[in-house]
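Okay, so here's the structure we're looking at.
The values are calculated or read from the model by the stated rules, or taken from the named source; none is laboratory data. Note that the structure is predicted; figures quoted are calculated from it, not measured. Methodologically, a virtual Cβ is constructed for each residue, glycine included, from the backbone with ideal geometry; neighbour enumeration extends over all protein chains shown.
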């Protein structure tokens, strides 16, 4: 099989497409024929050696979708030929094959393509956990989604609209903002415009927003704390550096700053998340948006593009 391999941490060009021996499932393992692999910002941090450091060499990637090719001893509830998406793998997703544990497999509804299936786990699980398990968002509340045009942002829009919330998003391009409105955002702000958050007061009649999903806290957190409502919550999903804030902005509002990392989620929480996501995929309220499909060999380009401003949907690799 072919797989992307990383032999040293560094820039995107450390990833190379290599020929590897075919995989075979061991006891309580499932072999997946990968039809599409999702590209996430966290993949780039791992490749660069900034966050988790797997043993070298390794195959990148957490998210994938495909067909169950074979199962190992002790697997009872997974059938060969089943369409599935995964919430992690044993050996990496940027490959033609991947080994998974049974709990990492989730049924992929027929109406959802393999490319869309590869766009489910990290974006939708992150958005769901931030909104419902951490911020405890409820119907009728107003949600501000920074970076609403990327994978997590689009997922958050669809989840909030399905739950009866008001959605304000931000995006850096007209194309991306149009996409977000099509996906259900009530209002979209240009985060490249000066003082763009001043519009929050007009849109909320001076009350502010109940929840902020923050994808770039080192840039926005201080300003977020000035637009949250009383008892508002800011969930920090992403950050690329340090920032100085005024703690009084939290004190005057009884506001909360909640940090989250998807890898901290317990297995019980993961099961609940995917039960909700599968229901949304089946009834049509959740529909991953693919911005670009690339051949597996173009993983370096995918890693460059996902970190560029102006995100639009999800990037997936096709083996």
Residue count, the range 18-40 (criterion: in contact (Cβ under 8 Å) with a residue 40 or more places away in the chain, part of a strand (DSSP E or B) and farther than 19 Å from residue 107 by Cα): 0
Within the range 219-257, tally of residues that are part of a helix (DSSP H, G or I) and over 21 Å from residue 207 (Cα atoms): 1
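For (1) surrounded by fewer than 24 Cβ atoms within 10 Å (Cβ to Cβ); (2) within 13 Å of the chain's Cα centre (by Cα); (3) in contact (Cβ under 8 Å) with a residue 40 or more places away in the chain, each residue gets a yes or a no:
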| residue | (1), (2), (3) |
| --- | --- |
| 116 | yes, yes, yes |
| 130 | no, yes, yes |
| 152 | no, yes, yes |
| 165 | yes, no, no |
| 169 | no, no, no |
| 172 | yes, no, yes |
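Scanning the range 93-121 for residues that are assigned to a loop (DSSP other than H, G, I, E, B) and out of contact with any strand residue (DSSP E or B) (no Cβ under 6 Å at 6 or more places or on another chain), which turns out nearest to residue 302 (Cα to Cα)?
Restricting to residues being assigned to a loop (DSSP other than H, G, I, E, B) and out of contact with any strand residue (DSSP E or B) (no Cβ under 6 Å at 6 or more places or on another chain), the top hit is 113.
In the list 60, 54, which residue meets the criterion of being assigned to a loop (DSSP other than H, G, I, E, B), in contact (Cβ under 8 Å) with a residue 60 or more places away in the chain and touching a helix residue (DSSP H, G or I) at 6+ places or on another chain (Cβ under 8 Å)?
Numbers: 54 fails: in contact (Cβ under 8 Å) with a residue 60 or more places away in the chain.
That would be 60, the only listed residue that is assigned to a loop (DSSP other than H, G, I, E, B), in contact (Cβ under 8 Å) with a residue 60 or more places away in the chain and touching a helix residue (DSSP H, G or I) at 6+ places or on another chain (Cβ under 8 Å).
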Here are 278, 257, 306: which of them is at negative phi and in the same structural domain as residue 116 (by TED's automatic domain parsing)? 306
If residue 185 passes every condition in (1) at pLDDT 95 or above; (2) surrounded by fewer than 24 Cβ atoms within 10 Å (Cβ to Cβ); (3) outside any helix (DSSP H, G or I) but one, which one does it miss? (2)
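Results for (1) surrounded by 14 or more Cβ atoms within 10 Å (Cβ to Cβ); (2) in contact (Cβ under 8 Å) with a residue 24 or more places away in the chain; (3) in a loop (DSSP other than H, G, I, E, B), shown as yes or no for each residue.
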| site | (1), (2), (3) |
| --- | --- |
| 281 | yes, yes, no |
| 286 | yes, yes, yes |
| 291 | yes, yes, no |
| 294 | yes, yes, no |
| 297 | yes, yes, no |
| 302 | yes, yes, no |
| 305 | yes, no, no |
| 309 | no, yes, yes |
| 315 | yes, yes, no |
(1) surrounded by 12 or more Cβ atoms within 10 Å (Cβ to Cβ); (2) touching a helix residue (DSSP H, G or I) at 6+ places or on another chain (Cβ under 9 Å); (3) assigned to a helix (DSSP H, G or I) all hold for residue 201 apart from (2)
